[in-house]
């Protein structure tokens, strides 16, 4: 701040949070305006706000873990998990809308699709689901700024990459080109000798809970879609429920699940 400048201050609650601008963003496209279109817009806009916060927190976690600050990273991970629980509950709000209610304005969504959520794709990539990058680049082929964001995200370390750096800093031989075998061996040691690596153990268990909630959100989202449109194609020419069904087996941190088999 230049000497003599006055620090910026909020003039009011509404000014600080830009309430007028925020509440002006819910524009229904149906004519005449359909009642439940407002719910659909609000819930999805709130999802995008939470995705923004999740990216903010996950980026902080990656930095903390990479430099070995495991305990504060675990604390921030707990916040991510609570946000996930909120998102799962928000799906129940959408399910108060009947299929007939949705069909009254569904045609106005074309060619938009939830698959096009750039922030969700970024969150997947940051969480380790790198194949989402190819899908995102395809979906945003004509949007150069969006493609640049995805490419930048793919170039940065994922949460598991950050954990690898942390493990190397703790003396574990994670390996280079293919870190998976060394990563799995390190995780097995952490779980078998949890008392000696308790901060890492708690971080790993928190990562598993985050991954589990990711899958739970996908499952509830699928159920909501089937409840609204059955097995019909989604908007924007997507496969709808058929595509979502194929995502249920995705895991962000496969070695954290595989290590449980080794412990038997």
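The values are calculated or read from the model by the stated rules, or taken from the named source; none is laboratory data. None of the values given here were measured: they were computed from a predicted structure. As a convention, Cβ positions derive from the backbone with ideal geometry for all residues, glycine included, and neighbour counts pool all protein chains shown.
Listing for the model above:
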item	result
Extreme residue, surrounded by the fewest Cβ atoms within 10 Å (Cβ to Cβ), among residues of the range 243-264 that are modelled with pLDDT of 90 or more and part of a loop (DSSP other than H, G, I, E, B)	263
Any hit, the range 226-240, residues being without any contact (Cβ under 8 Å) to a residue 12 or more places away in the chain and closer than 22 Å to residue 87 by Cβ	no
From 201, 210, 191, residue being under 21 Å from the mean Cα position of the chain (by Cα), part of a helix (DSSP H, G or I), surrounded by 17 or more Cβ atoms within 10 Å (Cβ to Cβ) and at pLDDT 95 or above	210
Subset of the range 168-188 that is touching a residue at least 24 places away in the same chain (Cβ under 8 Å) and crowded, with 19+ Cβ neighbours inside 10 Å - its residue that is farthest from residue 71 (Cα to Cα)	183
Residues located in the range 177-188, provided they are under 22 Å from residue 63 (Cβ atoms) and not in a helix (DSSP H, G or I)	179
Wholly within the range 90-159, helices (runs of 4 or more DSSP H) carrying at least 3 residues that are under 19 Å from the mean Cα position of the chain (by Cα)	118-126, 132-139, 144-155
Scan of the range 16-61 for residues that are free of Cβ contacts under 8 Å to residues at least 12 places away in the same chain and over 30 Å from residue 99 (Cβ atoms), ordered by number	16, 17, 18, 19, 20, 21, 56
In the range 104-123, residue surrounded by the fewest Cβ atoms within 10 Å (Cβ to Cβ) [restricted to those that are without any contact (Cβ under 8 Å) to a residue 40 or more places away in the chain and in contact with a helix residue (DSSP H, G or I) (Cβ under 8 Å, 6 or more places away or on another chain)]	118
Considering residues of the range 227-239 that are touching a helix residue (DSSP H, G or I) at 6+ places or on another chain (Cβ under 6 Å) and at pLDDT below 85 only, the residue farthest from residue 189 (Cα to Cα)	235
Check on residue 71, without any contact (Cβ under 8 Å) to a residue 60 or more places away in the chain, surrounded by fewer than 17 Cβ atoms within 10 Å (Cβ to Cβ) and either more than 11 Å from the chain's Cα centre (by Cα) or not in a helix (DSSP H, G or I) (or both)	no
From the options 162, 142, residue that is modelled with pLDDT under 95 and closer than 30 Å to residue 48 by Cα	142
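Yes/no per residue for (1) within 18 Å of residue 115 (Cα to Cα); (2) in contact with a helix residue (DSSP H, G or I) (Cβ under 9 Å, 6 or more places away or on another chain):
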site: 177; (1), (2): no, no
site: 195; (1), (2): no, yes
site: 201; (1), (2): no, yes
site: 204; (1), (2): no, yes
site: 245; (1), (2): yes, yes
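Every residue, every condition in (1) under 17 Å from residue 117 (Cα atoms); (2) in a helix (DSSP H, G or I); (3) out of contact with any strand residue (DSSP E or B) (no Cβ under 9 Å at 6 or more places or on another chain), yes or no:
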| residue | (1), (2), (3) |
| --- | --- |
| 8 | no, no, yes |
| 29 | no, no, yes |
| 33 | no, no, yes |
| 39 | no, yes, yes |
| 44 | yes, yes, yes |
| 47 | yes, yes, yes |
| 50 | yes, yes, yes |
| 61 | no, yes, yes |
| 82 | no, yes, yes |
